[in-house]
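Nothing in this text is a laboratory measurement; each read-out follows from the coordinates by a stated rule. Model, not experiment: these values are computed from the prediction. For neighbour counting, all protein chains shown are included, and Cβ atoms are generated from backbone atoms with ideal geometry for every residue, glycine included.
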Amino acid sequence: MKRSFALIALLALAQPLAARDRQPLPGRGYANPSAVIAAEVAFAQAAQDKGQWTAFRDTAAPDAVMFEPAMVYAQQVLKDRPNPAVAVKWQPHIVWSSCDGSLMVSHSAWQRPGSVGYFTTLWQRQKDGKYKWVLDHGDSLTEALAAPEMLSGLVADCPARGEPRLPAPKPIKLRKGQLPPLDPAHRSGKSSDGTLAWEVTVDPSGARNLSVNWRKEGEMQPMLIESVDAPPPSAPAR
């Protein structure tokens, strides 16, 4: 069955990175889409230099998830996976950022011999300021995505001054290196300031839906929606 691809985004409003990049927010971090553009470029190069799955392991957060097609913890399934002889290639096209830069979404195209597709990767800023990916989602396409004239970065609207922030969920107490049980049907997350949020649902067949909302014009609005039908056995996602 051919899998489907749907994208809802304000691409027509995309601006060059310099126009929206690096918005200082004292005490709350700042939006810097160029940081994730750079992370994606380095990630793609590492796949060619070190091997595809080595690069995925090195850039993934400890609790990052991917799809096999079931949702799985990436570090667990990739721990001993050998690299393919030819690594997939990809190029970032656009990045969306939360107001505070704690969460970003990159979207672009991938290519491997005989097939092409798209990917969407969620990147989360770590305590050291670097970005690790927390979700990798993608699918094949019948035609390659057209490359943009320039890379673009878009930033969610910041909360109004004095607007109350939602309390952060209390972390689950776990032993060092231990991960909480993974719900194979649902996972979600949001930026520290609540201006970018995502949710993915997966049914037993492997069909899945990813939605990303961001703050625009004073409210949370849909920014990206992707739907993937149940894949045939052994079909790669990226």
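With θ taken as phi - 60° and the Karplus curve 6.51 cos²θ - 1.76 cosθ + 1.60 applied, the whole-hertz 3J(HN,Hα) list for the range 46-58 is 5, 4, 6, 7, 10, x, 4, 6, 4, 5, 4, 4, 5 Hz, x standing for glycine and proline. Amide H contacts of His93: His107, Ser108, Ala109, each under 5 Å away and 5 or more positions distant or on a separate chain (H built 1.01 Å from N in the peptide plane; Pro and chain starts excluded).
With K and R counted +1 and D and E -1, the other residues having a Cβ less than 10 Å from that of Thr59 yield a net charge of 0. For Asn32, the amide hydrogen comes within under 5 Å of the amide hydrogens of Arg22, counting only partners 5 or more places away or on other chains and with H modelled in the peptide plane. Per-residue 3J(HN,Hα) values for the range 192-203, derived from phi via the Karplus relation 6.51 cos²θ - 1.76 cosθ + 1.60 with θ = phi - 60°, read 4, 9, x, 8, 9, 9, 9, 8, 10, 10, 9, 9 Hz in sequence order (x marks Gly and Pro). Each residue of the range 104-111 was assigned a 3J(HN,Hα) from its phi angle through the Karplus curve 6.51 cos²θ - 1.76 cosθ + 1.60 (θ = phi - 60°); the sequence is 9, 10, 10, 9, 5, 10, 10, 9 Hz, with glycine and proline shown as x.
Peptides 60-67, 137-144, 101-108 ranked from most to least packed give 101-108, 60-67, 137-144, packing being the mean of other C-beta atoms within 10 angstrom over each peptide's residues.
In terms of other Cβ atoms within 10 Å, Asp203, Asp80 run from fewest to most in the order Asp80, Asp203.
Extension gain for the segment Thr201 to Ser115, taken as residue separation times 0.36 nm less the Cα-Cα distance, is 28.4 nm to one decimal.
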